[in-house]
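The structure appears below as structure tokens.
The values are calculated or read from the model by the stated rules, or taken from the named source; none is laboratory data. None of the values given here were measured: they were computed from a predicted structure. All Cβ positions, even for glycine, are placed from backbone atoms using ideal geometry, and neighbour counts span all protein chains on display. Surface accessibility is based on the protein's heavy atoms, side chains included, excluding ligands, DNA and RNA. Shrake-Rupley method; radii C 1.70, N 1.55, O 1.52, S 1.80 Å.
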Amino acid sequence: MAVTVTQQNFRELVLRSAQPVLLDFWAPWCTYCNRLAPALDELAGELEGRLVLAKVNTDESPILTQQFGISVIPTLILFHGGQRSEAFVNPPSKDAVLDFLAENGIRTE
């Protein structure tokens with residue numbers, strides 16, 4: 001289950017999380033975001049206890065969107081111990097997201 005991140009709860013839910021957080025920048029009108037969402041939800045279920053899926057609605061959180069330089073959505077950023085990964089823009093598939101997580105030190109099997 002994904003958590004919703006806003007400017008107000010970002011520090012607590014993302015930076016202070018005991019687990020790695022995959023932050024998904026998206027918007028309700030974004031067709032590709034909506035197509036990718038089920039794969040991300042599936043991943044969140046598969047990796048429960050090892051990873052938190054968090055979503056930032058770019059329309060509702062323009063400050064966070066600007067802070068991270070998000071100009072294309074969907075964009076994923078992994079946070080682990082308060083440190084962030086490079087952005088992964090327009091992930092093409094669930095497998096590509098799994099590869100991205102593995103490349104950033106998250107055990108996916």
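Observations, loosely collected:
Here's the yes/no breakdown for (1) without any contact (Cβ under 8 Å) to a residue 40 or more places away in the chain; (2) within 20 Å of L98 (Cα to Cα); (3) of a type in the set (K, R):
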{"site": "V21", "(1), (2), (3)": "no, yes, no"}
{"site": "A37", "(1), (2), (3)": "yes, yes, no"}
{"site": "L53", "(1), (2), (3)": "no, yes, no"}
{"site": "S61", "(1), (2), (3)": "no, no, no"}
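- Yes/no for A44 being out of contact with any helix residue (DSSP H, G or I) (no Cβ under 9 Å at 6 or more places or on another chain), part of a helix (DSSP H, G or I) and farther than 17 Å from M1 by Cα: no
Matching residues to (1) surrounded by fewer than 18 Cβ atoms within 10 Å (Cβ to Cβ); (2) at pLDDT 95 or above; (3) β-branched (V, I, T):
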| site | (1), (2), (3) |
| --- | --- |
| L23 | no, yes, no |
| A27 | yes, yes, no |
| G49 | yes, no, no |
| A54 | no, yes, no |
| T58 | no, yes, yes |
| Q67 | yes, yes, no |
| T75 | no, yes, yes |
| H80 | yes, no, no |
| N90 | yes, yes, no |
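- Identity of the residue in segment 29-39, out of contact with any helix residue (DSSP H, G or I) (no Cβ under 7 Å at 6 or more places or on another chain) and not in a loop (DSSP other than H, G, I, E, B), that ends up most open to solvent (accessible area, probe 1.4 Å): R35
- Residues within segment 66-83 that are assigned to a loop (DSSP other than H, G, I, E, B) and within 13 Å of F25 (Cβ to Cβ), tallied: 7
- Conditions (1) open to solvent by less than 40 Å² (accessible area, probe 1.4 Å); (2) more than 19 Å from E42 (Cα to Cα); (3) not in a helix (DSSP H, G or I); number of the one not met by E86: (1)
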